[in-house]
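To keep things clear, I will list the structure first and then write my remarks on it.
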Amino acid sequence: MMIRQNVELAPYTTFGVPAKARFFAEPESLDELSAILNDPATASVPRLVLGGGSNILFTQDFDGLVIRPRMREIELEDENDEFRFVRVGAGADWSETVADFVARDWPGLENLSLVPGSVGGAAVQNIGAYGLEVAERIVEIQCLDPESGRVVELGVDECDYAYRTSAFKREKKSLIVLSVLFALPKRFEPRVSYKELAAAFGDRQPRSAAEVAEAVIAIRKRKLPDPRELGSAGSFFKNPVVTRVKMNFLLDDDPRLVAYPLAGGRAKLAAGWLIEAVGMKGMREGNAGVYPKNALVLVNCGGATGAEVLALAQKIQSAVKKRFGVQLEPEPVIV
Ligand code: EPU
């Protein structure tokens with residue numbers, strides 16, 4: 001049958017910590033998804049949609065239905081002089097999709113190369129890296145509303161995108177993303193002002209999306225563990241946003257603080273720097289650890305439980321709060 005029971009979730013997450021789902025299903029089409037949702041056996045249990053499992057930490061078993069969408073089609077729906085409009089199924093692998101676009105010489109998403117996860121997950125949490133957030137390339141998101149059983153299309157303006165968040169994480173939480181329609185600009189406009197990317201090119205400008213992808217991949221490999229070798233969820237905390245007054249106060253205290261002024265009298269602080277400053281880079285707590293090459297990444301050193309990772313995260317939060325008065329907020333969904 002389509003719904004399996006008592007399924008171990010570790011292989012479906014990049015943290016690889018143990019947790020079981022009471023029910024688990026991998027629909028490959030809208031029809032299969034609808035059938036799963038209409039199954040009386042799971043009608044009244046809690047539901048959780050799992051994308052690539054790269055931004056989630058299970059600290060306990062999930063006593064409900066985990067749905068892992070597997071719709072993976074890529075379709076060039078339309079184009080004009082400026083854009084290609086490409087629809088991609090929510091279950092497609094994000095970094096494979098970007099690599100596919102780069103191989104076709106379709107620029108637009110190359111800055112987001114090698115980000116783990118699924119296309120649906122990318123749209124829900126607005127992944128961003130090296131000067132690009134995915135929301136900038138989204139036109140529309142097709143979803144299934146499980147309450148009404150209807151397919152709904154949301155324009156990008158209805159998704160309330162902001163740094164690592166969207167309406168899908170709040171009031172539109174019950175919607176299940178089916179596919180994402182991207183607008184990819186036909187003209188290659190390299191975006192390489194992010195410090196490390198700029199350094200990779202020096203005074204030269206990249207000539208293709210493939211060159212940017214290659215540089216991004218090299219940087220990521222230096223700073224982020226390969227989830228197949230070392231479990232993690234990438235950055236464990238969001239970079240905190242504070243007032244500029246607070247930023248200046250912290251800068252007076254330590255001029256090495258890494259901070260980026262934002263509009264509206266606010267500023268974003270580098271959480272990795274704050275964690276390194278409290279001396280926790282490389283630290284280990286049981287089988288959970290802080291990645292020695294990047295303090296923002298918590299890792300499963302082998303055999304860690306979600307509870308161990310969470311305990312380490314809480315230790316970091318209190319140390320940073322105590323020293324800087326800044327509350328770090330986890331980026332992954334904690335279950
Ligand atoms: N830093 C330290 N010590 C550390 C780590 C970082 O001092 O151990 C400092 C760096 O020296 C740098 C600053 O922090 O000056 C920022 O570091 P980096 O450029 O690596 O970026 P980040 O802010 O740590 C964010 C995203 C990443 C994304 C990169 C590149 C968040 C939470 N993380 O990291 O996204 O790849 O920028 O754009 O916004 C993810 O979300 O999982 C993720 C990997």
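Each reported figure results from applying straightforward, stated rules to the coordinates on display, with no laboratory input. Treat the numbers as computed from the prediction; the structure is a model and nothing was measured. Quick reminder, even Gly has a Cβ in these numbers, built from the backbone with ideal geometry, and neighbours come from all protein chains shown.
Restricting attention to region 76-133, which GluC sites (Glu not before Pro) occupy a DSSP loop and are surrounded by at most 11 other Cβ atoms within 10 Å?
In loop regions of region 76-133 (DSSP not H, G, I, E or B), the sparsely surrounded GluC sites (Glu not before Pro) are E82.
What do the square roots of 5 times the Cα gyration tensor eigenvalues come to for region 158-287, in whole Å, largest first, as semi-axes of the equivalent ellipsoid?
Whole-Å semi-axes of the equivalent ellipsoid: 27, 23, 21.
Could you give me the radius of gyration and the Dmax of region 140-207, taking only the C-alpha atoms into account and expressing both in angstrom?
So, for region 140-207, Rg and Dmax equal 17.6, 55 Å respectively.
Calculate I(q)/I(0) for region 29-95 by the Debye formula, one identical point scatterer on each C-alpha and no solvent, and give its log10 at q = 0.19, 0.23 Å⁻¹ to two decimals.
-0.87, -1.06
Considering only Cα-Cα distances, which of the following residue pairs are longer than 26 Å: K173/K221; K20/K321; K195/K315; K20/K173; K195/K246; K238/K315?
K173/K221; K20/K321; K195/K315
For region 268-335, max minus min Cα coordinate along each principal axis, in Å, sorted largest first?
Here the Cα extents, ordered largest to smallest, are 32, 25, 18 Å.
Would you mind computing the Rg to Rh ratio of region 1-160 from its alpha-carbon coordinates, Kirkwood style for Rh?
0.98
Anyone know which of L230, L76, L109 comes out most mobile in the 10 Å Cα GNM of the chain?
Residue with maximal mean-square fluctuation among L230, L76, L109: L76.
Using only the Cα atoms of region 80-239, what do you get for the radius of gyration and for Dmax, in Å?
16.0, 55
How high is the relative contact order of the chain, given as a whole-number percent (alpha carbon pairs under 8 Å, six or more residues apart)?
Value for the chain: 16 percent.
Running a GNM on the chain with Cα contacts under 10 Å, which residue among A122, A198, A213 ends up with the highest mean-square fluctuation?
Result: A198 has the largest fluctuation of those listed.
Work out, in µm²/s and without decimals, the Stokes-Einstein translational diffusion coefficient of region 24-63 at 37 °C, 0.692 mPa s, Rh from Kirkwood over C-alpha pairs.
Rounded, D is 279 µm²/s.
Using Cα springs under 10 Å in a Gaussian network model of the chain, which residue among A103, A270, A183 shows the largest mean-square fluctuation?
Highest fluctuation among the options: A103.
Tell me the GluC sites (Glu not before Pro) within region 181-283 that lie in a loop according to DSSP and have at most 14 other beta-carbon atoms within 10 Å.
E229
How much length is gained if the chain between D61 and K322 is pulled fully straight, taking 0.36 nm per residue apart and subtracting their Cα-Cα distance, in nm to one decimal?
Length difference between fully extended and current span is 90.7 nm.
Counting residues in the chain as N, plug N into 2.2 N^0.38 Å and put the Cα Rg over that result.
Its radius of gyration relative to the 2.2 N^0.38 Å reference: 1.02.
After finding the eigenvalues of the alpha carbon gyration tensor for region 208-264, what semi-axes result from the square roots of 5 times each, listed largest first in whole Å?
The equivalent ellipsoid of region 208-264 has semi-axes of 31, 17, 11 Å.
Stretch A103-K195 to full length: gain in nm at 0.36 nm per residue minus the Cα-Cα span?
That pair, A103 and K195, stretches by 30.6 nm at full extension.
Given R₀ = 25 Å, FRET efficiency for V258-R284 by Cβ-Cβ distance, to 0.05?
Calculated transfer efficiency: 0.55.
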